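Okay, so here's the structure we're looking at.
The values are calculated or read from the model by the stated rules, or taken from the named source; none is laboratory data. Because the structure is predicted, anything quoted here is derived from the model rather than measured. Virtual Cβ from ideal backbone geometry, glycine too; neighbours counted across all protein chains shown. For the accessible areas, the whole protein counts, side chains as well, though only heavy atoms, and no ligand, DNA or RNA atoms are used. Shrake-Rupley method; radii C 1.70, N 1.55, O 1.52, S 1.80 Å.
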Amino acid sequence: MKPSAFSHQPAVLLGLLLIAGVASAQTARAPQHGVRPAKLAIRNAMIIEGNGTPASGPYDILLEGNLIASVVALDPVALRGGTARRPAADVEIDATGKYVMPGLINIHGHVQDERGGLPQPLDYELKLWLASGITTVRDVGSRTRRTLELRERSAAGTLQAPRIFVYASFGGGGDDVESRGIRSPEDARARVRALKAQGVDGIKSVGIDRDLMQAMLDEAKKVGLPVAHHAGVEETNAWDDARFGTTSIEHWYGVPDAALADGVQGFPATYNYNNEVDRFRYAGRLWREADPEKLGKVLQALVDAGVAWDPTLVIYEASRDLTRAQNQPWFKDYLHPTLEEYFKPNPANHGSYFIGWSSTDEAFWRENYRIWMAALRDFERRGGMIGAGEDAGFIYQMYGFGLIRELELQQEAGFHPLKVIQHATGNNAKILGQEGRLGRVRAGWLADLIVVNGNPLEDLKMLYATGTETIRDGKTVRTGGVEWTIKDGIPYHGPTLLAQVKEIVARDRATPPRAVTSPNP
Ligand SMILES: [Zn+2]
């Protein structure tokens with residue numbers, strides 16, 4: 001009999017564990033951090049599927065290599081009688097009292113090894129992602145060639161990192177020098193074909209005019225590349241995304257912009273879009289100007305066209321509560337000095353617009369969020385697909401922690417935690433076109449799972465790498481956290497990763513990073 005049958009009686013469990021250890025010839029080992037075993041069993045787990053269905057359990061989950069081989073329901077009667085059939089394995093995780101769910105997918109990440117011209121160890125970001133239960137990242141617009149290389153190393157298991165999907169930047173953003181020369185629809189088509197030949201997984205488009213957008217999306221469809229559109233306040237808006245068939249809208253601007261009664265926001269005469277203070281200040285007054293009836297039509301058009309929405313609520317949070325954003329508890333031990341420097345308000349850095357940010361700005365932004373959150377709910381109720389991404393590395397948001405905060409904000413928007421988890425797993429897998437391999441706890445799917453030390457449906461804060469606090473027997477105790485992040489069948493121990501991040505930060509604080517010779521734009 002396996003000891004986990006007595007999960008509800010911890011004291012008895014411990015005794016039996018010892019007896020079983022002596023009695024059984026084949027005592028399973030604990031997993032080794034970063035080493036993929038041939039067969040790994042996760043015992044006695046509660047499971048949250050990535051498809052919105054309720055939690056259920058207990059189950060034994062057997063992983064073979066990088067696949068989920070079987071998910072076996074444990075019958076309590078058979079368990080008590082010692083006749084339960086349980087899969088054999090050489091390595092085991094006892095998930096008694098824990099929840100297992102699909103690894104989180106961060107649908108809007110940026111692979112970064114520098115900020116504002118200062119170097120930042122790549123490991124720092126990758127470890128934070130894994131420690132936060134993120135097993136897949138869609139990288140939207142970084143250095144394409146370098147990120148493609150990381151994608152291969154991650155897939156080969158030689159780099160401790162989530163799976164990476166490379167969406168090359170097309171248009172204004174990123175450091176994609178070649179795409180700046182796109183002048184005609186033919187240029188746009190040629191660029192799409194060149195990116196396809198380079199082996200990217202998709203395209204992240206930013207700030208291109210309508211004719212180029214149409215040609216780019218048409219060509220992308222032909223060659224089979226999905227397109228994530230950073231929808232800014234520009235010539236195109238959500239109507240174009242619906243008409244031309246964007247895969248996902250990133251952020252939000254283009255949605256209320258498409259619902260303005262008169263087609264333009266009531267900007268003051270001195271407004272300058274390239275001034276970030278102007279841009280972020282008046283962005284906070286955009287949702288209130290959207291005509292509710294027209295907005296309903298925009299949302300419906302997006303739903304009908306199958307355009308998904310990745311809102312990245314988290315990346316604007318400083319706009320509604322600057323003090324909160326600047327004082328997040330994980331900064332103390334885990335904020336890298338490079339990122340710390342980059343977050344300081346400085347007109348030279350993107351997203352550092354908070355000099356003179358007022359209570360009036362925050363009040364507008366709070367209202368902005370209320371309307372935005374209601375629109376997200378409306379969108380999903382109409383049948384729209386919502387994803388979850390963090391966009392960290394900008395505006396006080398740290399890698400990993402940012403995605404968990406995104407989940408909290410989606411709950412604040414009114415989504416049930418089961419739906420929130422679905423957004424970050426099953427839905428994100430669909431947006432990536434990977435729904436047959438990722439985002440589920442299901443036999444035959446890739447072994448990307450996390451073991452959470454507690455029930456995230458009770459408190460999404462359980463998913464923070466640093467866990468959360470609760471009261472037990474009158475004492476404050478630390479609980480939660482992602483204990484194991486299993487990516488491609490390789491188990492990574494959450495607390496070990498976090499300790500390594502802490503070491504990197506301490507080391508680099510002692511010897512502050514110096515500017516790299518040629519800073520990236
Ligand atoms: Zn971004």
Next item on the list: Mind telling me which of the residues Gly141, Gly81, Gly65, Gly50 ends up being of a type outside the set (Val, Ile, Thr), at pLDDT below 95 and at positive phi?
Entry: Gly141
Item checked: Filter result for the condition that a residue is of a type in the set (Gly, Ala, Ser) and surrounded by fewer than 20 Cβ atoms within 10 Å (Cβ to Cβ), over Gly133, Gly103, Gly116 -> Gly116
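Okay, residues lined up against (1) more than 20 Å from the chain's Cα centre (by Cα); (2) within 26 Å of Asn237 (Cβ to Cβ); (3) at pLDDT 95 or above:
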{"residue": "Arg145", "(1), (2), (3)": "yes, no, no"}
{"residue": "Leu148", "(1), (2), (3)": "no, no, yes"}
{"residue": "Arg151", "(1), (2), (3)": "no, no, yes"}
{"residue": "Ala155", "(1), (2), (3)": "no, no, yes"}
{"residue": "Leu159", "(1), (2), (3)": "no, no, yes"}
{"residue": "Tyr167", "(1), (2), (3)": "no, yes, yes"}
{"residue": "Gly171", "(1), (2), (3)": "yes, yes, no"}
Item checked: Scope segment 347-392; condition within 16 Å of the ligand (Cβ to nearest atom) and at pLDDT 95 or above; matching residues -> Gly387, Ala388, Gly389, Glu390, Asp391, Ala392
Next item on the list: Output the residues belonging to segment 314-345 that are in contact with a helix residue (DSSP H, G or I) (Cβ under 9 Å, 6 or more places away or on another chain) and either small (Gly, Ala, Ser) or within 16 Å of the ligand (Cβ to nearest atom) (or both).
Entry: Val314, Ile315, Tyr316, Glu317, Ala318, Ser319, Ala325, Leu339, Phe343
Notebook entry, point to check: With respect to Ile371, is the statement that it is among the aliphatic types (A, V, I, L, M) and crowded, with 21+ Cβ neighbours inside 10 Å true?
Noted result: no
Next item on the list: Taking the options Gly245, Gly207, Gly224, name whichever one is more than 16 Å from the ligand (Cβ to nearest atom) and open to solvent by 40 Å² or more (accessible area, probe 1.4 Å).
Entry: Gly224
Check: Hey, among the residues in segment 282-313 that are more than 23 Å from Ser248 (Cα to Cα) and touching a residue at least 40 places away in the same chain (Cβ under 8 Å), which one's farthest from the ligand (Cβ to nearest atom)?
Finding: Arg288
Item checked: Matching entry among Ile431, Ile421, Ile386 (being crowded, with 24+ Cβ neighbours inside 10 Å, over 17 Å from His251 (Cβ atoms) and of a type in the set (A, V, I, L, M, F, W, C)) -> Ile421
Next item on the list: Could you please tell me which pairs satisfy a Cβ distance under 6 Å, a separation of 6+ or placement on different chains, a first residue in segment 314-341 that is over 15 Å from Glu125 (Cβ atoms), and a second residue that is of a type in the set (Ser, Thr, Tyr) and in a helix (DSSP H, G or I)?
Entry: Arg320/Tyr369
Notebook entry, point to check: So, in segment 441-472, of the ones that are assigned to a strand (DSSP E or B) and open to solvent by 10 Å² or more (accessible area, probe 1.4 Å), which residue ends up nearest to Glu483 (Cα to Cα)?
Noted result: Thr468
Margin query: Can you tell me which residue is nearest to the ligand (Cβ to nearest atom) among those in segment 248-270 that are part of a loop (DSSP other than H, G, I, E, B) and crowded, with 23+ Cβ neighbours inside 10 Å?
Written below: Trp252
